[in-house]
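Only one structure is covered here, and it is reproduced in the block below.
The values are calculated or read from the model by the stated rules, or taken from the named source; none is laboratory data. Computed from a predicted structure; not experimentally measured. Reconstructed Cβ throughout: ideal geometry from the backbone, glycine too, with neighbour counts over all protein chains shown. Please note that ligands, DNA and RNA were not included when accessible areas were found on the heavy atoms of the full protein model with its side chains. Shrake-Rupley method; radii C 1.70, N 1.55, O 1.52, S 1.80 Å.
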Amino acid sequence: MKRFAILAAAAVIAVACGVASAADYKIGFVNTERLFREATPAKRAQQKLEKEFANRDAELGKIAKQVRDLQSTLDRDGATLPEADRRNKERDLANLTRDLQRSQREFREDLNLRRNEELASIQERANKVIQQIAEAEKFDLILQDPVVFASQRIDITEKVIKALADK
């Protein structure tokens, strides 16, 4: 029993020493989500993507309106239309709906691909800035998301955002 108490005391001292030496390290944290939301290059990339995909988005809106209009015409007049006309309109609606869904899927895929390209470029630039900050301010460790908890005291996201804005 006495041996257990000595071992327990030794373990407590070892942990206390470990905590004390951990305080000698300079640790930082970067909130990647905030970086992608607030950094100037991220905002520019978002505007670039919106401009790049605006025409396709508008075209999809026009096709969606055609689908809605054709559907409302069928709902309103379908019962009174001759059978052949009604079938033709239903076929046109099915074709238009299929084309719209395919176009929307392609649009989403292309947009996601371009967004990922832009985010990768921003991440690469941010990593360089983080490396510069780490070296200049003598950080031992800088973490990025996902982190369960990071104190505001070690959050250097604002420094990274400002450094990215300067470039």
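A few points about this structure:
- Criterion applied to ALA150, ALA79, ALA163 was being of a type outside the set (S, T, N, Q), more than 27 Å from the chain's Cα centre (by Cα) and either within 22 Å of GLY28 (Cα to Cα) or open to solvent by 40 Å² or more (accessible area, probe 1.4 Å) (or both), and the one residue passing it is ALA79.
- All conditions in (1) surrounded by 14 or more Cβ atoms within 10 Å (Cβ to Cβ); (2) modelled with pLDDT of 90 or more; (3) over 19 Å from the mean Cα position of the chain (by Cα); (4) part of a helix (DSSP H, G or I) hold for ILE142, with the sole exception of (4).
- There is at least one residue in segment 66-75 that is open to solvent by 80 Å² or more (accessible area, probe 1.4 Å) and at pLDDT below 90.
- Test: residue in segment 110-121 that is open to solvent by 80 Å² or more (accessible area, probe 1.4 Å) and farther than 30 Å from ARG68 by Cα: yes
- The residue of segment 126-139 that is nearest to ARG37 (Cα to Cα), among those that are in contact (Cβ under 8 Å) with a residue 60 or more places away in the chain and over 20 Å from the mean Cα position of the chain (by Cα), is ILE133.
- Within the option set LEU100, LEU93, LEU113, LEU81, being modelled with pLDDT of 95 or more, out of contact with any strand residue (DSSP E or B) (no Cβ under 9 Å at 6 or more places or on another chain) and farther than 30 Å from ALA163 by Cβ holds for one residue only, LEU100.
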